[in-house]
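Here's the structure, in structure tokens; my notes come after.
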Amino acid sequence: MQVSNPDRYPPQERASEGIRVAGLEVRYGERAAVHDLSFEVESGRIVALLGPNGAGKSSTVRCLIGLQEPSAGTATIQGIDVAKDPERAKRKLAYVPEHGSLYEVLTPMETLLLAGRLHGLEDDVCIARGEHLLAELGLLDRAHAPVAGFSKGMRQKLVLACAILTDPDVLVLDEPLSGLDAETTLLVKELLLAWRARGAAILYCSHMLDVVEKLADRILILDQGRLVADGTLEELRSGADSSLDEIFRDITKASDPKARAQRLLDAGKVS
């Protein structure tokens with residue numbers, strides 16, 4: 001399935017402002033997890049935020065979704081300072097984490113009702129949209145079963161349904177494909193392209209660089225809390241025919257994975 005043609009989706013008017021991060025600093029004691037970070041995600045764009053473990057991606061996302069106050073600088077959603085008005089800012093965005101936290105005793109429909117009410121939706125709207133979403137994601141037959149018995153993939157589908165339910169203008173996604181089957185993974189890729197074409201601002205965090213290559217309009221790379229690269233894939237290639245994996249390793253000075261794999265295998269032969 002091709003996922004690179006946004007023209008198949010009809011455009012839709014959205015708010016012009018998306019995500020803006022300015023001079024963001026996040027410190028844990030003396031350690032700076034994020035240092036003087038600035039970037040924007042405009043409406044109708046998918047921006048990928050990449051980096052090795054410990055680069056500052058999670059701290060940045062936590063500031064954007066209102067789970068952490070920055071040590072300095074600002075993070076805004078559609079012009080709303082998240083630290084100053086977190087409740088209003090959260091109503092403007094949807095967040096899909098790698099491991100979504102769900103209330104085990106609630107059913108999918110109850111979960112969607114809760115998400116909708118928190119965003120100011122009427123119950124009848126939540127139920128109508130919820131039934132449609134659960135059907136499309138293959139969860140309708142479990143709509144009234146407790147989440148406690150769900151697999152990781154089923155839980156991730158429900159987290160995704162909660163995000164779609166509110167038709168947000170801003171999406172923050174952190175490894176959203178984790179645990180999903182191949183069919184649903186393709187569906188999510190198409191969904192993101194459709195959202196972008198309808199004017200949403202999307203921040204996409206992932207280690208799946210092949211997916212990022214196909215989806216992202218712009219790529220940001222963090223390393224040790226600092227922004228070390230910012231541009232389109234072609235701009236980062238600088239005229240060379242390099243994959244994003246090669247670009248990423250070069251920028252972050254990562255070791256050769258083939259050589260490391262061989263050393264790991266050789267360790268089994270050491271006597």
Practice problem: From (1) over 20 Å from residue 169 (Cα atoms); (2) at pLDDT below 95, pick out the condition that doesn't hold for residue 123. | Solution: (2)
Exercise. Please enumerate the residues belonging to region 74-98 that are closer than 12 Å to residue 166 by Cβ and not in a strand (DSSP E or B).
Key: 90, 91, 92
Exercise. Could you tell me which numbered condition residue 64 fails, if it satisfies all but one of (1) under 30 Å from residue 127 (Cα atoms); (2) out of contact with any helix residue (DSSP H, G or I) (no Cβ under 7 Å at 6 or more places or on another chain); (3) free of Cβ contacts under 8 Å to residues at least 60 places away in the same chain?
Key: (3)
Quiz item: If the Cβ limit is 6 Å and pairs must be 6+ apart or interchain, which residue in region 68-92 that is closer than 18 Å to residue 119 by Cα and surrounded by 18 or more Cβ atoms within 10 Å (Cβ to Cβ) pairs with which residue that is hydrophobic (A, V, I, L, M, F, W, C) and modelled with pLDDT of 95 or more?
Solution: 77/170; 82/75; 89/77; 89/80; 89/82; 92/77; 92/170
Exercise. Just need a number here: residues in region 231-271 that are touching a strand residue (DSSP E or B) at 6+ places or on another chain (Cβ under 7 Å) and of a type outside the set (A, V, I, L, M).
Key: 4
Quiz prompt | Scope region 113-149; condition under 17 Å from residue 103 (Cα atoms), in contact (Cβ under 8 Å) with a residue 40 or more places away in the chain and under 25 Å from the mean Cα position of the chain (by Cα); matching residues | solution = 115, 116, 147, 148
Quiz prompt | Subset of region 150-176 [crowded, with 18+ Cβ neighbours inside 10 Å, part of a loop (DSSP other than H, G, I, E, B) and not aromatic (Phe, Trp, Tyr)] | solution = 166, 168, 169, 176
Practice problem: Provide a single number: the residues in region 179-209 that are surrounded by fewer than 20 Cβ atoms within 10 Å (Cβ to Cβ), within 14 Å of the chain's Cα centre (by Cα) and not in a helix (DSSP H, G or I). | Solution: 2
Exercise. Residue by residue through region 239-252, note down the ones that are without any contact (Cβ under 8 Å) to a residue 24 or more places away in the chain and not in a helix (DSSP H, G or I).
Key: 239, 240, 241, 242
Quiz item: Taking into account only those residues within region 99-149 that are assigned to a helix (DSSP H, G or I), out of contact with any helix residue (DSSP H, G or I) (no Cβ under 7 Å at 6 or more places or on another chain) and small (Gly, Ala, Ser), which is surrounded by the fewest Cβ atoms within 10 Å (Cβ to Cβ)?
Solution: 149
Quiz prompt | Looking only at region 230-250, and only at residues there that are charged (D, E, K, R) and closer than 15 Å to residue 218 by Cβ, the one that is modelled with the highest pLDDT | solution = 230
Quiz item: With respect to the numbered conditions (1) within 21 Å of residue 217 (Cβ to Cβ); (2) modelled with pLDDT of 90 or more, which one is the sole condition not fulfilled by residue 152?
Solution: (1)
Quiz prompt | Unique match (being surrounded by 11 or more Cβ atoms within 10 Å (Cβ to Cβ), without any contact (Cβ under 8 Å) to a residue 24 or more places away in the chain, aliphatic (A, V, I, L, M) and not in a loop (DSSP other than H, G, I, E, B)) among 227, 220, 236 | solution = 236
Quiz item: Is it the case that region 46-64 has a residue that's at pLDDT 95 or above, more than 18 Å from residue 225 (Cα to Cα), out of contact with any strand residue (DSSP E or B) (no Cβ under 7 Å at 6 or more places or on another chain) and not polar (S, T, N, Q)?
Solution: no
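The values are calculated or read from the model by the stated rules, or taken from the named source; none is laboratory data. Note that the structure is a prediction, hence the values are computed from the model and not measured. Positions of Cβ are backbone-derived with ideal geometry, glycine not excepted, and every protein chain shown enters the neighbour counts.
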